[in-house]
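Asker: I have a structure here, written as structure tokens, and I will follow up with some questions on it.
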Amino acid sequence: MGAPLPAPAASRLFLSGNEAVARAVWEAGCKVAAAYPGTPSTEILEELAHYPDLYAEWSVNEKVSLEVALGASMMGARAFCAMKHVGLNVASDALMTMTVTGTEGGLVIAVADDVGMSSSQNEQDSRYWGRFAHLPVLEPADAQEAYAMTKAAFELAERHRCPVIVRMTTRICHVKGRVEVGERVAAEPSGFTKDARRWVMVPGNAKPRLPLMFEREAALAAEAETSGLNPLYDGNALSVGFVASGPAFMHVREAFPDAPLLKLGLSCPLPLKKIRALAERVQHLVVVEETEPLVESELKAAGIACHGKDILPRLGELAPDVLRPAIARLLGGEAAAPAHVPAQQVFPRPPTMCVACPHLGVYYTLSQMRNLIISGDIGCYTLGAGHPWNALDTCISMGASMGMALGMDKGRGAADANKKVVAVIGDSTFLHMGMQGLLDITYNRGNVTILLLDNRAVGMTGGQDNPGTGRDLHGEEAQRVDFAKLCEALGVKRERIRVVDPYQLPVLFKALREETKIEEPSVIITDRPCVLIDHYQPTKPYLVVDERCTGCGNCVEVGCPAIHVTRRETEVKASGKEVELSFVRIETSACTGCGLCVQPCAPEAIVHAEPVHPIQFLRKQ
Amino acid sequence: MTASNKTTNILVCGTGGQGVMTATEILAEAALSLGFDAKKTEVAGMSQRSGVVTSHLRFGQQVLSPQIVPGEADLLVGFEAAEALRWVHMLRPGAVVLMNVGRLVPPVVNIGLFDYPDDPVAEIRALGLDVHAFDASALALELGNIRLGNTVMLGAMADRLPFPAEVLREAVLARFASRKPQLVDVNRQAFELGRRAVAEEALAA
Ligand SMILES: Cc1ncc(C[n+]2csc(CCOP(=O)(O)OP(=O)(O)O)c2C)c(N)n1
Ligand code: SF4
Ligand code: SF4
């Protein structure tokens, strides 16, 4: 059975911003699309995988994905690449020089900022890259615009022969709205032209290209003044005029429907003349932009008086409830906040690891060991920093656990002399940026024990494939990397590489204890899959025999969300010491029978549940 | 709520994995089938890891900002009891709350760092809201599958919308008809169970 055919042209679909971008990429006749997953951009490539007549891949990291796209563009093909905001930091080395060479086939980069930080390590503003690299930036305000601007981006890219950045935000990626789609127009690659002066960026070739880059920027600035992407929504309330882009545009329209508003769709370079004209007509000009005051600073530098971050928050989204009071204050009043029900205090509900996650045993074991410094990385396993394990000490950027662990080892003083440095990294993160760090550890004789958590998935972003899973973006069989061999090739001694089952707690504990004692790099690879992957096999679930549970709480320390405390008691021991007891039950319908919690239960209170019908089970309770 | 020019704002909340986003999507499809403009947006942090999930649905003649701001929600649908309580401030005074009394207790409560509210339903009622509470999880299990809780919740909403219940039912069934036709019947039952649960609860109250 083939993939479902794309919806016909002129259909009105209900699409997310990510889905809309994918549709536009396909319609634009793009030939090559590459990405590394990252919230909130992940679904763009997942969606593109379903479209025919285009090559789409998961790349090992964002830099590679951008280079793949550039290669395709050099062939004269339309090319696309998507990433989350921090991904562009990784890809920036390539970006900063491809702006000098320029591109051939239209190259569009969708970069998704996590405004509001729902799932990222920082809130950086990707629009800076447009300024830094002298490249145009488009900012859609909803799904329909994400679709239209992605198509426009390909045209702009080909007209100016440079990459175009489409700046998305979480609110655009994950908002669904009506999108009217169009026809696909196939484009045949124009072919590669050998031209060392264009493509070989040695100083002698690059230098003469720099003026071309600035000419291009001037042409783009002229285009911004007249572009349909920067429309003026006129209004008759002239006390405040707005300049807004991205989701903030919709919020301004919602909150101030009568105010004149210049929408920046092509927000870099700025249409300064157009903005100046608006500024002259209104009493106050307010720039509404998420997150950094980029436009505001440029306007001020151009001598256009405006407000921005002096009255609006620097962080997070600029929704109508944020805008209304700020503008009211600017005009010397107070906005009446809509009457609402008072907020209630409720416990936090931080994300947790899944029931039976293979990482649980690793963190349980780490939490039981003393004198460790645990250099962490980014993935589901970052949750090991939380309760009940508290067994991860750092998280900075992808792959950083490796280099930081080496730095910890080399930088330690007397205070940490007897500590063991452990690094924890996931399979996808290791392949993304961790391998080089491991090479640095072996090359420089670091004393680090590495836990490489191979769960055969990019768990954090929803279980995507990668070279460690042996499947490609389309779920088809692909080359699967052999982590043990890879680590050996990177210089770890064969006898210092162990592959262990993370559900066997004694084995894991023994491996960690032994390897942390040995003063050279060692790698402990865990080899059980993430429970989200399709072929994960649950086995017979467990339950707790009430009469046998002594309330020791050991199983609770495992951190499996299927284990629930039913009652707490304080017991006074013969010694007079008070102990907290937690009696538990297992949510049998959730338990997958992984057997982890059974191991620390001394009174053997956790036993297999007979297969029960859920209704009977409820009655039994 | 009436079908006027006013935008209707519905906030659906729960935890990752409960089907909050899918339910809201079906609700949106129902609104779209009547020619409304609609936008749906999620704040789903790390929803896959059982975190907090809210899905905002706004529909009307034309929808600009996709976000519902505090005090503007007309209807709050809670897939989990404490989550409904967490989001009441989004409602305008006197608005409607439809909630599952089923509880999902997170590890931070299990290990004793926080308490689960004693009686979320009573607390919400005390705020003067029009609360309809029922055990959607039990109703779903009555039909043999906890996953039907999603459709039960949709059924519960059906008579509180500015359009006929049948429109929503059709949207639910159409979705299953195109994806899993063998589940159409049981979903029809789930939908009606949810609808009845609210009707009966309203009579009893
Ligand atoms: C540069 C960069 N790209 C992408 C991401 C998004 N991201 C966070 S963790 C992660 C991968 C996690 O996979 P893995 O290391 O296999 O660990 P798992 O979640 O499976 O435990 C990704 C892609 C990011 N944070 N930074
Ligand atoms: S998604 Fe996979 S790796 Fe992530 S917590 Fe769940 S089981 Fe663990
Ligand atoms: S056996 Fe224990 S740890 Fe494993 S899934 Fe069941 S309850 Fe969770």
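Asker: Identify all residues within the stretch A:99-112 that are open to solvent by less than 10 Å² (accessible area, probe 1.4 Å) and not in a helix (DSSP H, G or I); write none if there are none.
Answerer: A:Gly102, A:Thr103, A:Gly105, A:Gly106, A:Leu107, A:Val108, A:Ile109, A:Ala110, A:Val111, A:Ala112
Asker: Taking A:Val531 as meeting all but one of (1) modelled with pLDDT of 95 or more; (2) within 30 Å of A:Ala457 (Cα to Cα); (3) within 14 Å of another protein chain (Cβ to nearest Cβ), write down the number of the exception.
Answerer: (1)
Asker: Helices (runs of 4 or more DSSP H) wholly in the stretch A:187-248 with at least 3 residues that are surrounded by 13 or more Cβ atoms within 10 Å (Cβ to Cβ) and free of Cβ contacts under 8 Å to residues at least 60 places away in the same chain - which ones? Step through it out loud before you land on a result.
Answerer: Numbers: elements: A:196-199, A:203-206, A:210-226.
Per the criteria, A:210-226.
Asker: Being under 14 Å from B:Ala30 (Cβ atoms) and either without any contact (Cβ under 8 Å) to a residue 24 or more places away in the chain or within 10 Å of chain A (Cβ to nearest Cβ) (or both) is the filter here, so list the residues in the stretch B:135-171 that pass it.
Answerer: B:Pro164, B:Glu166, B:Arg169
Asker: Out of A:Gly475, A:Gly468, which single residue is open to solvent by less than 40 Å² (accessible area, probe 1.4 Å), within 16 Å of ligand 2 (Cβ to nearest atom), assigned to a loop (DSSP other than H, G, I, E, B) and away from every other protein chain (no Cβ under 14 Å)? Spell out how you get there, then give the answer.
Answerer: Details: A:Gly475 fails: within 16 Å of ligand 2 (Cβ to nearest atom).
Every option except A:Gly468 fails the conditions.
Asker: I'm checking my understanding of the structure. Among residues of the stretch A:113-155 that are of a type in the set (Asp, Glu) and assigned to a helix (DSSP H, G or I), which one is nearest to the chain's Cα centre (by Cα)?
Answerer: Step one: list which residues in the stretch A:113-155 are of a type in the set (Asp, Glu), which gives A:113-114, A:123, A:125, A:139, A:142, A:145, A:155.
Now narrow it down to the ones that are assigned to a helix (DSSP H, G or I): A:145, A:155.
Numbers: A:Glu145: 22, A:Glu155: 28 Å.
That would be A:Glu145.
Asker: Evaluate the following for B:Asp130: is it in contact with a strand residue (DSSP E or B) (Cβ under 8 Å, 6 or more places away or on another chain), without any contact (Cβ under 8 Å) to a residue 40 or more places away in the chain and within 25 Å of B:Ala28 (Cα to Cα)? Give the steps one after another, and end with the answer.
Answerer: Details: in contact with a strand residue (DSSP E or B) (Cβ under 8 Å, 6 or more places away or on another chain): yes; without any contact (Cβ under 8 Å) to a residue 40 or more places away in the chain: yes; within 25 Å of B:Ala28 (Cα to Cα): yes.
Answer is yes for this residue.
Asker: One residue is enough: does the stretch A:357-373 have a residue meeting the conditions open to solvent by 20 Å² or more (accessible area, probe 1.4 Å), within 16 Å of ligand 1 (Cβ to nearest atom) and not charged (D, E, K, R)? Full working, then the answer.
Answerer: Filtering the stretch A:357-373 down to residues open to solvent by 20 Å² or more (accessible area, probe 1.4 Å) leaves A:364, A:367-373.
Right, trim to within 16 Å of ligand 1 (Cβ to nearest atom) and you get A:364.
Narrowing further to those that are not charged (D, E, K, R): A:364.
Yes - at least one qualifying residue is present in the stretch A:357-373.
Asker: Continuing with this model, one more query. For residues that are farther than 15 Å from A:Pro600 by Cα and facing chain B (nearest Cβ under 10 Å), scanning just the stretch A:563-573, find the one that is farthest from the chain's Cα centre (by Cα). Walk me through how you get there before you give the answer.
Answerer: To start, the set of residues in the stretch A:563-573 that are farther than 15 Å from A:Pro600 by Cα comprises A:564-573.
Still in the running and facing chain B (nearest Cβ under 10 Å): A:564-566, A:568.
Numbers: A:His564: 31, A:Val565: 33, A:Thr566: 36, A:Arg568: 39 Å.
Only one residue fits best here, namely A:Arg568.
Asker: For the stretch B:90-134: of the residues being of a type in the set (Gly, Ala, Ser) and over 18 Å from A:Ser582 (Cβ atoms), which is farthest from the other protein chains (Cβ to nearest Cβ)?
Answerer: Here is the first cut: in the stretch B:90-134, the residues of a type in the set (Gly, Ala, Ser) are B:94-95, B:102, B:112, B:122, B:126, B:128, B:133.
If we keep only those that are over 18 Å from A:Ser582 (Cβ atoms) as well, we get B:94-95, B:102, B:122, B:126, B:128, B:133.
Details: B:Gly94: 9, B:Ala95: 8, B:Gly102: 11, B:Ala122: 12, B:Ala126: 10, B:Gly128: 8, B:Ala133: 16 Å.
Among those residues, the one meeting the criterion is B:Ala133.
Asker: Consider the stretch A:249-277. How many of its residues are surrounded by fewer than 21 Cβ atoms within 10 Å (Cβ to Cβ) and more than 14 Å from chain B (Cβ to nearest Cβ)?
Answerer: Residues that pass the stated criteria total 6.
Asker: Right, next: Has the stretch B:87-107 got at least one residue that is in a helix (DSSP H, G or I), free of Cβ contacts under 8 Å to residues at least 24 places away in the same chain and open to solvent by 10 Å² or more (accessible area, probe 1.4 Å)? Show your work before the answer.
Answerer: Taking the stretch B:87-107 and keeping what is in a helix (DSSP H, G or I), we get B:88-90, B:107.
Going one step further and asking which of them are free of Cβ contacts under 8 Å to residues at least 24 places away in the same chain, we end up with B:89, B:107.
Okay, now just the ones that are also open to solvent by 10 Å² or more (accessible area, probe 1.4 Å), so B:89, B:107.
Yes, some residue in the stretch B:87-107 is in a helix (DSSP H, G or I), free of Cβ contacts under 8 Å to residues at least 24 places away in the same chain and open to solvent by 10 Å² or more (accessible area, probe 1.4 Å).
Asker: Looking for something touching a Lys or Arg at 6+ places or on another chain (Cβ under 9 Å), open to solvent by 70 Å² or more (accessible area, probe 1.4 Å) and more than 13 Å from ligand 3 (Cβ to nearest atom) - is there at least one such residue anywhere in the stretch A:524-542? Spell out the reasoning first.
Answerer: The first filter runs over the stretch A:524-542 and keeps only residues touching a Lys or Arg at 6+ places or on another chain (Cβ under 9 Å), leaving A:524-525, A:527-530, A:533.
With open to solvent by 70 Å² or more (accessible area, probe 1.4 Å) added as a condition, the list becomes A:528.
When the remaining residues are screened for being more than 13 Å from ligand 3 (Cβ to nearest atom), the result is none.
The answer is no; no qualifying residue exists.
Asker: So, of the residues in the stretch A:406-426 that are open to solvent by less than 50 Å² (accessible area, probe 1.4 Å) and touching a helix residue (DSSP H, G or I) at 6+ places or on another chain (Cβ under 7 Å), which turns out to be nearest to ligand 2 (Cβ to nearest atom)?
Answerer: Only one residue tops the list, namely A:Gly426.
Asker: Kindly check whether there is at least one residue in the stretch A:122-136 that is among the aliphatic types (A, V, I, L, M) and more than 30 Å from A:Ser397 (Cα to Cα).
Answerer: Start the filter on the stretch A:122-136 by keeping residues that are among the aliphatic types (A, V, I, L, M), which leaves A:133, A:135.
With the extra rule that they be more than 30 Å from A:Ser397 (Cα to Cα), the set shrinks to none.
Looking for residues that are among the aliphatic types (A, V, I, L, M) and more than 30 Å from A:Ser397 (Cα to Cα), one finds none in the stretch A:122-136, hence no.
Asker: Shifting gears a bit: Look at the stretch A:320-359 and say how many of its residues are within 16 Å of ligand 3 (Cβ to nearest atom), among the hydrophobic types (A, V, I, L, M, F, W, C) and more than 10 Å from chain B (Cβ to nearest Cβ).
Answerer: Our first condition is that a residue be within 16 Å of ligand 3 (Cβ to nearest atom); within the stretch A:320-359, this holds for A:352-359.
Applying the additional criterion that residues be among the hydrophobic types (A, V, I, L, M, F, W, C) yields A:353-357.
Right, trim to more than 10 Å from chain B (Cβ to nearest Cβ) and you get A:356.
Residues that pass the stated criteria total 1.
Asker: Within the stretch B:164-189, how many residues are small (Gly, Ala, Ser) and in contact with an Asp or Glu (Cβ under 9 Å, 6 or more places away or on another chain)? Reasoning before the result, please.
Answerer: At the first step, the residues of the stretch B:164-189 found to be small (Gly, Ala, Ser) are B:165, B:171, B:174, B:177-178.
From what is left, the residues that are in contact with an Asp or Glu (Cβ under 9 Å, 6 or more places away or on another chain) are B:165, B:171, B:174.
Number satisfying all stated conditions: 3.
Asker: Still on this structure, I have one more. Do we have any residue at all in the stretch A:574-587 that's closer than 19 Å to A:Pro502 by Cα, within 8 Å of ligand 3 (Cβ to nearest atom) and more than 11 Å from every other protein chain (Cβ to nearest Cβ)?
Answerer: Of the residues in the stretch A:574-587, the ones closer than 19 Å to A:Pro502 by Cα are none.
Looking through the stretch A:574-587, none of the residues is closer than 19 Å to A:Pro502 by Cα, within 8 Å of ligand 3 (Cβ to nearest atom) and more than 11 Å from every other protein chain (Cβ to nearest Cβ).
Asker: All but one of (1) open to solvent by 10 Å² or more (accessible area, probe 1.4 Å); (2) over 24 Å from A:Gly191 (Cβ atoms); (3) modelled with pLDDT of 95 or more hold for A:Leu5; which doesn't?
Answerer: If we test A:Leu5 against (1) open to solvent by 10 Å² or more (accessible area, probe 1.4 Å); (2) over 24 Å from A:Gly191 (Cβ atoms); (3) modelled with pLDDT of 95 or more, just (3) comes out false.
Asker: Can you tell me which residue in the stretch B:36-57 is nearest to the other protein chains (Cβ to nearest Cβ), limited to those that are open to solvent by 10 Å² or more (accessible area, probe 1.4 Å) and at pLDDT 95 or above? Steps first, please.
Answerer: Going residue by residue through the stretch B:36-57, those that are open to solvent by 10 Å² or more (accessible area, probe 1.4 Å) are B:36-37, B:39, B:42-48, B:50, B:52, B:56.
If we keep only those that are at pLDDT 95 or above as well, we get B:36-37, B:39, B:56.
Details: B:Phe36: 10, B:Asp37: 6, B:Lys39: 5, B:His56: 9 Å.
By that ranking, first place goes to B:Lys39.
The values are calculated or read from the model by the stated rules, or taken from the named source; none is laboratory data. This is a predicted model, so every value here is computed, not measured. We place every Cβ from the backbone using ideal geometry, glycine too, and count neighbours over all the protein chains shown. Remember, those area values only see protein heavy atoms, side chains included, never the ligands or the DNA or RNA. Shrake-Rupley method; radii C 1.70, N 1.55, O 1.52, S 1.80 Å.
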